[in-house]
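Encoded as structure tokens, the structure appears first; notes follow it.
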Amino acid sequence: MKEISMTKSDSPSLKEVEEIIGYIFKNKDLLKEAFTYTSKEDDIDGCRVSNYERLEYLGDSFLNLMIAKQHYFQYPNMKSGELTQLRDTNVDTEALARVAFKHGFHRFLVHQDPLLHERIQDFMEAIKEHPLHSSGLINSPKILADVVESLIGAVYVDTNLSIDDTWEAVKKLLEPLTVPENVKLNPVRRLNETCQKMGIEVEYKNLWVESGEFEIYLGNKLMGRGKYKKKKKTARNKAAVDAYNNLVKQFGVDQLPSQMNRTRPLSVTVPSIRRLPSQIGESQSIVSQASTSQLCHCATVALCGCGFVALSTLQSITGIIASTSFSVIQSNS
């Protein structure tokens with residue numbers, strides 16, 4: 001595995017940062033401040049330099065404004081909620097950490113975190129497994145996202161608060177931006193929305209302190225498990241992905257649209273059932289035929305909604321329905 005050097009003595013010159021972004025700082029101290037990650041003021045090359053936090057605050061606000069502005073005009077038919085989700089995907093911790101790593105900004109950091117080296121190594125391996133935004137399945141070092149925002153803030157101040165000059169210098173760093181077709185729902189949200197539509201109760205069992213795990217139960221059955229000892233939220237997301245995949249596998253549920261601008265219903269339209277025939281033979285002469293998938297779905301929703309039926313029992317019931325041609329009266333509405 002390739003080693004990442006981030007010690008002060010081994011750090012390359014910050015002039016390389018100027019070459020990467022194509023902008024020459026008039027005030028070099030701003031650039032030094034953007035890459036100084038300490039809990040207090042520190043001396044760098046004999047100069048007193050503040051840490052990055054104020055520049056990060058400024059850069060964060062600037063970035064959110066410019067991404068929102070770009071998306072507003074680029075997608076005139078997109079709803080506000082969709083615009084928010086698209087913006088967040090492009091400026092969250094994982095997205096900006098990827099930007100920092102792509103341009104090698106971690107090589108210029110001056111910091112006092114003995115665990116940072118390991119965290120960035122883990123991140124480097126994780127993005128190999130997830131070349132696109134993972135939607136919460138990898139643990140992204142916040143310091144990498146922070147350095148992108150602090151660098152943007154530094155450029156903004158150095159240009160005498162010129163929005164156009166700052167955006168011209170930093171927008172190419174963020175490319176390519178995530179487009180609506182690649183925006184995915186958070187795993188926990190996707191699972192919750194799926195189960196809500198099916199009428200299934202979801203229970204999250206938090207075992208993270210003891211074992212670094214989350215377990216997810218649908219009804220009374222364990223349906224998903226996720227483990228990640230370094231971050232609770234990541235473990236929960238992994239468990240949600242496992243539970244969702246098992247739900248799809250066991251019930252053949254149509255997957256919720258994971259991308260934006262696709263809002264079709266989760267499954268087939270359930271018919272209105274006015275009465276069930278008292279005898280199977282009677283149904284063939286007096287009622288119209290409902291599809292097997294409709295009946296199976298109807299049974300699943302009804303029984304899961306009660307909260308008392310185990311998923312294994314549901315499988316047996318829907319299996320019986322699938323093998324027997326029940327007929328029901330469908331509403332014309």
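Just for the stretch 34-57: of the residues that are modelled with pLDDT under 90 and within 31 Å of the chain's Cα centre (by Cα), which one is surrounded by the fewest Cβ atoms within 10 Å (Cβ to Cβ)?
Per the stated criteria, the residue is Ser39.
Results for (1) within 28 Å of Asp242 (Cβ to Cβ); (2) among the β-branched types (Val, Ile, Thr); (3) surrounded by fewer than 13 Cβ atoms within 10 Å (Cβ to Cβ), shown as yes or no for each residue.
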| position | (1), (2), (3) |
| --- | --- |
| Leu86 | yes, no, no |
| Glu94 | yes, no, no |
| Arg107 | no, no, no |
| His111 | no, no, no |
| Pro114 | no, no, yes |
| Ser134 | yes, no, no |
Can you tell me how many residues in the stretch 214-235 are free of Cβ contacts under 8 Å to residues at least 24 places away in the same chain, outside any strand (DSSP E or B) and buried (at least 20 other Cβ atoms within 10 Å of the Cβ)?
0
Pick out the one residue from Asp146, Asp164 that is in a helix (DSSP H, G or I), modelled with pLDDT of 95 or more and either within 17 Å of His106 (Cα to Cα) or within 24 Å of the chain's Cα centre (by Cα) (or both).
Asp146
Given the conditions (1) more than 20 Å from Lys69 (Cβ to Cβ); (2) in a helix (DSSP H, G or I), every one holds for Gly153 apart from (1)
Yes or no: Gly59 assigned to a helix (DSSP H, G or I) and in contact with a Gly (Cβ under 6 Å, 6 or more places away or on another chain)?
yes
Pairs only if they're at least six apart or on different chains, beta carbon under 9 angstrom, first in the stretch 187-205 and more than 15 Å from Gly136 (Cβ to Cβ) and without any contact (Cβ under 8 Å) to a residue 60 or more places away in the chain, second among the aromatic types (Phe, Trp, Tyr) and part of a loop (DSSP other than H, G, I, E, B); list them, first residue then second.
none
Test for Lys205: is it closer than 30 Å to Asp122 by Cβ, within 17 Å of the chain's Cα centre (by Cα) and at pLDDT 90 or above:
no
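Quick one: would you say Leu31 is of a type outside the set (D, E, K, R), surrounded by 14 or more Cβ atoms within 10 Å (Cβ to Cβ) and either modelled with pLDDT under 55 or under 27 Å from the mean Cα position of the chain (by Cα) (or both)?
On the way: of a type outside the set (D, E, K, R): yes; surrounded by 14 or more Cβ atoms within 10 Å (Cβ to Cβ): yes; either modelled with pLDDT under 55 or under 27 Å from the mean Cα position of the chain (by Cα) (or both): no.
So Leu31 fails the test.
The values are calculated or read from the model by the stated rules, or taken from the named source; none is laboratory data. Everything numeric here is computed off the predicted structure, so don't read it as measured data. All Cβ positions, glycine included, derive from the backbone under ideal geometry; neighbour counts span all protein chains shown.
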